[in-house]
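First up is the structure itself, then whatever we jot down about it.
The values are calculated or read from the model by the stated rules, or taken from the named source; none is laboratory data. Since this is a predicted model, take the numbers as computed values, not measurements. Don't worry about glycine lacking a Cβ; one is built from the backbone with ideal geometry, like all the others, and counts go over all protein chains shown.
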Amino acid sequence: MSDGDTGPAALSRGARTAARLRQSAREAFDELGWQATRVEDIVMRAGVSHGTFYTYYENKAAVLADLVGTAQGDFVALASAPWKADDVRGALERIIGGFLDRYAQDRVVMRTWLQASREERRFADLYLESRALFVRRVADNLAAAVAASGRRGGPPALTVASALVAMVEHFAYCWAVLGEEHERSDAVDALVLIWGSALNELAGVEMV
């Protein structure tokens, strides 16, 4: 686009081109993996020149960062939604089911994100930042339940929350990325049961 070409039609074309590059990057990451994917693989699938690619993105990491940003926003929205203290089962089904659904929808991005995290620290930091929202939210609810119960002792709420979130994360990876076969409803029921058992043991919380 020229410097003077900034009207709605030009912006729309630019948005469409950027979206095509992101989709092409997703396809390349899916087929080739993070390490093997080159800019050439992305532009070939998008049907654009290298020059066009570099108009929008500095390198393949910049495209992945864009895709990760969208996925991270979805997880932030899920973690930020209010939990109802009088409906523990409903809250757990929503948070766990929502996590599994988003992981499955973004399985290519999630897999590539983890692959890139082994090579580039910024992607590892982004992953930890995203999961920290879930961990902190679970920890806050657990700590409140423990305080209300008057119980003492036991592992720190943050540690328990991190372990519970890790369980869902790894299950989601095996199910959505590696293809381990489970019915979604069975997965949610099992994970809710395990989380509920932990909450009951630590804080006397019973699901209704």
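Here are some notes:
- Spans of helices (runs of 4 or more DSSP H) in the range 104-208 with at least 3 residues more than 30 Å from ALA28 (Cα to Cα) and in contact with a helix residue (DSSP H, G or I) (Cβ under 8 Å, 6 or more places away or on another chain): 121-149, 157-172, 184-203
- Of all residues in the range 31-61 being more than 14 Å from VAL109 (Cβ to Cβ) and among the aliphatic types (A, V, I, L, M), the one that is surrounded by the most Cβ atoms within 10 Å (Cβ to Cβ): ILE42
- Filter result for TYR173 (hydroxyl-bearing (Ser, Thr, Tyr), modelled with pLDDT of 95 or more, over 23 Å from PRO82 (Cβ atoms) and surrounded by 13 or more Cβ atoms within 10 Å (Cβ to Cβ)): yes
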